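Notes for the one structure printed next.
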Amino acid sequence: EIDVFTIGETMVLFQPEQMAPLDYVSHFPKKIGGAESNVAIGLSRLGHSVGWFSKLGEDPFGRFVLKTIRGEGVDVSRCRFTTDAPTGLLFKEQLSPNDVNVYYYRQNSAASLMTENDLDEDYIAQSKILHVTGITPALSESCYQAVMKAIEIAKKHGLKIVFDPNLRLKLWSKQRAKDVLNEIAGQADVILPGLDEGQFMTGKENIEDVAKSLARRDDQTVIMKLGSEGAYIHTKDEKSYVPGFPVKQVVDPVGAGDGFAAGIISGLLKEKPWQDVVKRANAIGAMVVGMRGDIEGLPTNDSVNQFMKPNQNQRD
Ligand code: ATP
């Protein structure tokens, strides 16, 4: 029995400790990178049961990805291995604290071979929330079909759908991205765009207009991520800003959005009011940017509670 089901590619991530152009880097610690598994790991750390599904290469990197995610307490029992393609890789280059580039070696990867037939409907049916991102449908036509099928299954069995657009223009054309992200947003219960993603999807400029235009139906919620400013809530009955938490030093901006999504999903499962849910998600996002790596900063419930205490930033 799982609470949350998510689908997406996780690659082996080579992230140097050094801030330098990659041509001058000679040591690459081996980690994992994938938005959906980051969210899954975030949820697991917050005490929820979560299943992550992907296709991995039958190779040492695929085994490393599986063991790492399993080791974080995520159910990987539905994952498949293939000998037809390798596990995808990615390299991160950090030139300054806020200037991070990624280099993908993921075209035609094992994950891009996922199809709708790989989905286990009975398994998805027992969970409460489906989490999808705009990355998976960008990987291939069959991945797009798999995401649409997962959404169909979720609707059939009464799951809530949480959608993080996660725009990646290295993976597809602008027009296709815009069409598909809007198509999925139209099916989602909760949409979690960054402001730039919302602007891209709607062609609107200001925060309120973007949110209004994304929430096409009254029962849709948009929570817009605003970096250090926090987030903006748009529901039928509530429109409000929830300020972010101060961060002493931004060490690595990547992964904040995934931690934020884990916080939102955790709050949804606990049926807390939106203000409280978003405040907690903001805290998690702030904790993630304070630590190098996508998953290292993902907190337990106790550590978020500690971080959210009002006098936290006066201590030291
Ligand atoms: P990602 O880089 O992971 O794709 P994103 O663009 O999806 O992130 P952000 O808006 O950067 O999303 O961050 C998500 C949330 O994390 C924000 O809404 C905020 O709550 C928190 N956060 C991010 N950056 C900071 C910061 N510098 N200070 C405080 N909180 C932050």
For strands (runs of 3 or more DSSP E) lying entirely in region 6-64, having 3 or more residues that are in contact with a Ser or Thr (Cβ under 6 Å, 6 or more places away or on another chain) picks out 55-57
Expected single match for open to solvent by 40 Å² or more (accessible area, probe 1.4 Å), farther than 20 Å from ALA262 by Cβ and part of a loop (DSSP other than H, G, I, E, B) among SER109, SER77 is SER77
The condition of being near the ligand (Cβ under 8 Å from one of its atoms), assigned to a loop (DSSP other than H, G, I, E, B) and over 19 Å from VAL39 (Cα atoms) holds, among PRO253, PRO246, only for PRO246
Residue count, region 228-239, condition within 14 Å of the ligand (Cβ to nearest atom) and surrounded by fewer than 17 Cβ atoms within 10 Å (Cβ to Cβ), comes to 2
* In region 187-204, is there at least one residue being assigned to a helix (DSSP H, G or I), within 16 Å of the ligand (Cβ to nearest atom) and under 25 Å from LYS270 (Cα atoms)? -> no
Check on GLU208, modelled with pLDDT of 95 or more and either part of a loop (DSSP other than H, G, I, E, B) or more than 28 Å from LYS279 (Cα to Cα) (or both)
no
Every listed condition ((1) of a type outside the set (Lys, Arg); (2) assigned to a loop (DSSP other than H, G, I, E, B); (3) more than 16 Å from the ligand (Cβ to nearest atom)) holds for ALA154 save (2)
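Here's the yes/no breakdown for (1) of a type in the set (Val, Ile, Thr); (2) farther than 15 Å from THR202 by Cα:
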{"position": "HIS131", "(1), (2)": "no, yes"}
{"position": "PRO137", "(1), (2)": "no, yes"}
{"position": "SER142", "(1), (2)": "no, yes"}
{"position": "LYS155", "(1), (2)": "no, yes"}
{"position": "ILE161", "(1), (2)": "yes, yes"}
{"position": "SER173", "(1), (2)": "no, yes"}
{"position": "VAL180", "(1), (2)": "yes, no"}
{"position": "GLU183", "(1), (2)": "no, no"}
{"position": "GLY186", "(1), (2)": "no, no"}
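To keep it simple, each residue is scored yes or no on (1) closer than 15 Å to VAL4 by Cβ; (2) of a type in the set (Val, Ile, Thr); (3) touching a residue at least 24 places away in the same chain (Cβ under 8 Å).
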| residue | (1), (2), (3) |
| --- | --- |
| SER240 | no, no, yes |
| PRO246 | no, no, yes |
| GLN249 | no, no, yes |
| VAL254 | no, yes, yes |
| ALA261 | yes, no, yes |
| ILE265 | yes, yes, yes |
| LEU268 | yes, no, yes |
Per the filter on region 71-92, residues more than 20 Å from the chain's Cα centre (by Cα) and among the acidic types (Asp, Glu) are ASP84
Flagged pairs (Cβ under 9 angstrom, 6 or more apart or on separate chains; first in region 279-306, within 22 Å of LEU90 (Cα to Cα) and assigned to a helix (DSSP H, G or I); second within 12 Å of the ligand (Cβ to nearest atom) and of a type in the set (Val, Ile, Thr)) are VAL288/VAL254; VAL288/ILE295; VAL289/VAL247; VAL289/VAL250; VAL289/VAL251; VAL289/VAL254
Taking region 82-106 and keeping residues assigned to a strand (DSSP E or B), more than 17 Å from ILE32 (Cα to Cα) and open to solvent by 50 Å² or more (accessible area, probe 1.4 Å) leaves LEU95, ASP99
Picked from region 277-306 (must be more than 10 Å from the ligand (Cβ to nearest atom) and acidic (Asp, Glu)), the residue nearest to SER96 (Cα to Cα) is GLU296
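The values are calculated or read from the model by the stated rules, or taken from the named source; none is laboratory data. Everything numeric here is computed off the predicted structure, so don't read it as measured data. Every residue, glycine as well, gets a Cβ built from its backbone with ideal geometry; the counts of neighbours run over all protein chains shown. Surface areas here come from the heavy atoms of the whole protein model, side chains and all, with no ligands, DNA or RNA. Shrake-Rupley method; radii C 1.70, N 1.55, O 1.52, S 1.80 Å.
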